[in-house]
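A quick write-up on the structure given underneath.
Every read-out reported here was derived from the displayed coordinates using simple, explicitly stated rules and does not represent laboratory data. Given the structure is predicted, the values throughout are model-derived calculations rather than measurements. Positions of Cβ are generated from backbone atoms using ideal geometry, with glycine treated the same way; all protein chains shown enter the neighbour counts.
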Amino acid sequence: MDSKKQVGTDPIRESQENRGGNSKRTEADVRLAKSEERYRRLFETAQDGILILDGEGGKIVDANPFLTDFLGYSREELLGKELWEIGLFKDIESNREAFKTLQEKGYIRYDDLPLKTKKGESLAVEFVSNAYDVAGQKVIQCNIRDITARRRTEKALATSEDALRQSKKLEAMGKLAGGIAHDFNNVLTAINGYASLALPMVDPGSVLHEHLDEILKAGERATSLTRQLLAFSRQQILAPKVLGLNAIVSDMHGMLKRLIGESMTIRKNLDPHLWRVKADPVQMQQLLMNLVINARDSMSLGGEITIATRNVVLDVEYATQHPNVEPGEYVMLSVRDAGIGMTAEVKSRIFDPFFTTKQLGKGSGMGLATVQGIVEQSNGHITVESSQGVGTIFRMYLPRTQKVEEAPVSIPMESGAGRGLETVLLAEDEEMVRKFISRVLESYGYTVLEAQNGVAALALSEAHEGPIKLLLTDLMMPNMNGRELAKVFLSLRPDSHVLFMSGYTDDIVAQQNLIEEGVRFIQKPFSPEQLVAALREAMDGVVLTAG
């Protein structure tokens, strides 16, 4: 009895037990308060959006400041709303299904969810939701991370990688095309040249005259094709001049109207204050003609083609989205049609050489490849926008130039003006080309010293006692190229002149600057008249024109 009384009525022990229990509860309350404070601090300062939802009904019970700033909604506009009631989550049914899945599985994730802000701006976000219990109640936390900038960077990187792959592919094809064009141009120089020499010797009414004329026509078509190959492969020798693209468009307007036929019209929208560019005028004409032909072929029922020019400034953001484009001032030339448009697959291949959607025999597939080659060789770039049933617009951008150049001095090439008595040193490794050139120059009164390579040419130069007015040399020869030959030749004969010729220039030529601005050059294949005119221009420093 006494022992029971002692246990049940010990006031000291009872007091100690009560104080211990209260102490434990106080410590737990403190830890809980600190935990809640830490969570609230993290919630308020997080650099991701956080939504807290009621796990049963899906209503928003809390939203952190980052989310409200990010989306443009106030906290009051969000609280108490179901998630799918808010404008940024438009698809009510799919969101209800997602919420149902979240309730069942306790987790849902979207790696790339499109959202809109209150102002209607599009965003890309990562959206992760977790369901968990708090004091016996189900709560859902949604974490929303802005990945708009990351997606933009990834897209730009993918575009850059695609452009690099395309560039490598075109570079390989360009080298092949350039090599083919080089061989063709040597052969065509002889074919077209000898046919030109033979034609005046034959009775105009004879069958042989007709045959020779057809040979020349075929040769001219082949010449056009090789020039397209060179333009595509960025290996064409350009003769850039300071010019206005408005003049190019206006000068070609009449020819382009005849080219497209009566069922179509051309509308010009030209900026009267257009900046000037430095480009090859002949290549600009070829580029415009190819784009107009492409527009014509897309409009079988007729329609309107719009040619426009304007000044533009391409900023850093544009340059980031378009690889190999430098920010700065550009002149834009655009050609728009109202044709059938293109599918995404066709659009991705339009600049590939020999790719065409036309019927067999209706196109070579080199027109747009040539356009791209001309533009890029002129330090510009080209873009295309197209939708099926709407039409297509090509935009070409060439860098603005501040340079001003004077027009070259010209004199008419009257009968006999192309004849001469001078001595010409000819260096050409292709025998058939060398023989043709020698025959042409001799027929015009020139004395020709023939050499099959650079070493032989220097030997002839040293052995020849009289003056040599001009060195006519191919650029690409084995052992000693034309530029190396010219350098030694001019050191020995400083009063002489040099005229280069070539069927193409490859990357080595470009890198070594074998063709320098102001150096005289003639592109193979050429006619006898073109050769003699170029020869006199190199000797006399004037341009001979027909008249």
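Here's how it looks for Val125: its modeled amide H is under 5 Å from those of Leu113, Leu115, Ile147, which are all 5 or more places away or on a different chain.
Couplings 3J(HN,Hα) of the range 61-68, computed from phi: 10, 6, 8, 7, x, 4, 5, 5 Hz, in residue order, whole Hz [Karplus 6.51 cos²θ - 1.76 cosθ + 1.60, θ = phi - 60°; x for Gly and Pro].
Which value, in debye to the nearest 20, gives the size of the charge dipole of the range 239-405 about its Cα centre, when Lys and Arg are +1 and Asp and Glu are -1 at the Cβ?
I would put it at about 420 debye.
Our coupling estimate for the range 471-482, obtained by passing each phi through the Karplus curve with A = 6.51, B = -1.76, C = 1.60 and θ = phi - 60°, is 9, 9, 9, 6, 6, 9, 9, x, 6, 10, 7, x Hz, Gly and Pro reported as x. Phi-derived couplings, Karplus 6.51 cos²θ - 1.76 cosθ + 1.60 at θ = phi - 60°, listed residue by residue for the range 122-134: 7, 9, 10, 9, 8, 10, 10, 10, 10, 9, 8, 9, 10 Hz, with x used for Gly and Pro. Measuring against 21 Å, Cα to Cα, the residue pairs Lys100/Lys138; Lys257/Lys347; Lys278/Lys469 contain Lys257/Lys347; Lys278/Lys469 as the ones spanning a longer distance.
Sum up the charges of everything whose Cβ sits under 12 Å from the Cβ of Glu210, counting Lys and Arg as +1 and Asp and Glu as -1, but leave Glu210 out.
-2
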